[in-house]
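The values are calculated or read from the model by the stated rules, or taken from the named source; none is laboratory data. As the structure is a prediction and not an experimental result, all values here were calculated from the model. For neighbour counting, all protein chains shown are included, and Cβ atoms are generated from backbone atoms with ideal geometry for every residue, glycine included. Areas reflect the complete protein model, heavy atoms only, side chains present, ligands, DNA and RNA absent. Shrake-Rupley method; radii C 1.70, N 1.55, O 1.52, S 1.80 Å.
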Amino acid sequence: MRVLADSTSPRPARRRTAASLGAAVLLGAAAVAAVPASATAKAPGTAKAPATAKSPTRAPAPAAACGSAYRIEQKLEGGTVWRMCWHYESNAGLVLDDISYQPKGERNPIKVLSTAKLAQIHVPYDDGNVEYDDLTGQGFAQGLQQLDPAECPGGTIKTVKVPGAWDPAHPNVKGLCTTTRARGHAYRMAGERPGKVFQAQGKDLLVYTVNQVGWYEYITEWRFSGDGTMTMQVGATGTLSPMDYDAGDGRGWPIGKGAKDYATSHSHNVFWRLNFGLDGSPEGRIEQYDSKTTQAAGQLPKTKTTRTKITKELAGDAVGGRWWRVVSAKGKNKDGHPRSYEIVPGHTTKYQGRPYTKHDVYVTEYKKCEQFASHNIRDCGPNGGKSVDKWVNGQTLKHPVVWVNIGFHHIARDEDQEPMPVHWQGFQLAPRDVTAMNPLTPPELSSHNGHTEQAR
């Protein structure tokens, strides 16, 4: 359990002591100032960065619109280059800006996202006694943790200046890791000749921070793969609160010897906010696909997939064979197909207690004040609403913003002691027709585009 940083109502203690957090003062009213991605800013104490690969000489990529301290660039096996900027906000924490993807063979970087960030971690307890909004009510950003070099093997630990730091005398935290990590098979295909196998072991660019809220530590990971896939996930670790046991509520799980101490069950509902900018344009369109299987008597089942163009704001549920994609307003691949990214939700436990957690995906028309999925602290006017469900009100989509909600119901177990194993929740953005072929295709298969079967 926690102490609310912005509430005067008496509630059970959730946050650790100031001494254990290394903090001198509690954060007062939530601020919204961000660390700008200044072209002249320098981050002190940054760990030595690995050498980054140069862009193809025939078409030098434009420099990211941020200073070197706020720039991330990585060339992966297979030739893919990811580029982005970053800054750190006083509530959302790490924000990634101007994310672009340049696979081998593409003359210019392909811009994918203008902005990507966490939009809330909503934590309601099963007994109904407490409910938290960790980003806007619990000092998530101020709980940024210093990373040990062993946590960022082969990478760079960047120094972050934390706005509204609990200890104003020490606002700089070595808390942002950028590195690469093995992902296993990128592909595998047996060739036609005996013993011939096409295979590649891939690596991802990994960008992450660790933020402490109460007894939890949240690992916020952003992974970027050589084939254009992006994986966004949050891992919760740390420890169970030693004050959070109540054998009388009938809702917890016995932890420790016998059935005396029951850890209170609760949910972690994590929201992400994605402001797309495919091919440099905010005017992408949203398409929904639904696959339905039917079977006539005496016949094999048939599946039909239908497309629905989403022109108005959406509160969507990933039911059955449903999925969505964000389609570029102007960009096409070399086959002439519109570029797009598919939203691929991970496993989720949908929390039914609040209107804003009842749907998996929201799409809203861009409005600057709409930044947090619940307990939004920006001023959207007297009728603007404070949560994402209130913003789905029938507006025509011209500049769509995508919100993804992934829930986890944490029923504690003996193995959560101590430290707690990381439990992950998240989703992927999968490229769909961004390139004409797999960007990691080996040269001898590069002609295999479309129907290539030969007569035998």
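Side notes on the structure shown:
- Residues satisfying the stated conditions in segment 239-265, i.e. modelled with pLDDT of 85 or more and touching a helix residue (DSSP H, G or I) at 6+ places or on another chain (Cβ under 9 Å): THR239, LEU240, TRP253, PRO254, ILE255, ALA263
- Residue check for THR348: in contact with a Gly (Cβ under 8 Å, 6 or more places away or on another chain) and β-branched (Val, Ile, Thr): yes
- Segment 331-364, residues that are open to solvent by less than 60 Å² (accessible area, probe 1.4 Å), out of contact with any helix residue (DSSP H, G or I) (no Cβ under 8 Å at 6 or more places or on another chain) and not in a loop (DSSP other than H, G, I, E, B): PRO338, GLU342, ILE343, VAL344, PRO345, THR357, VAL361, VAL363
- Near pairs, Cβ below 8 angstrom, 6+ apart or cross-chain, from segment 410-435 (free of Cβ contacts under 8 Å to residues at least 60 places away in the same chain and within 21 Å of ALA259 (Cα to Cα)) to any residue that is open to solvent by less than 80 Å² (accessible area, probe 1.4 Å) and part of a strand (DSSP E or B): GLU415/PRO421
- Only strands (runs of 3 or more DSSP E) whose full extent lies in segment 153-267 are considered here, and the ones with at least 2 residues that are of a type in the set (Gly, Ala, Ser) and touching a strand residue (DSSP E or B) at 6+ places or on another chain (Cβ under 7 Å) are 172-190, 197-213, 230-238.
- Among residues of segment 302-330, those that are open to solvent by 60 Å² or more (accessible area, probe 1.4 Å), touching a residue at least 60 places away in the same chain (Cβ under 8 Å) and assigned to a loop (DSSP other than H, G, I, E, B), counted: 1
- Residue check, PRO421 loosely packed, with under 14 Cβ neighbours inside 10 Å and in a strand (DSSP E or B): yes
- Any hit, segment 393-402, residues being aliphatic (A, V, I, L, M), in a strand (DSSP E or B) and either on the phi > 0 side of the Ramachandran plot or within 23 Å of the chain's Cα centre (by Cα) (or both): yes
- Exclusive hit being crowded, with 19+ Cβ neighbours inside 10 Å, under 23 Å from TRP424 (Cβ atoms) and of a type in the set (Asp, Glu), set ASP133, ASP97: ASP133
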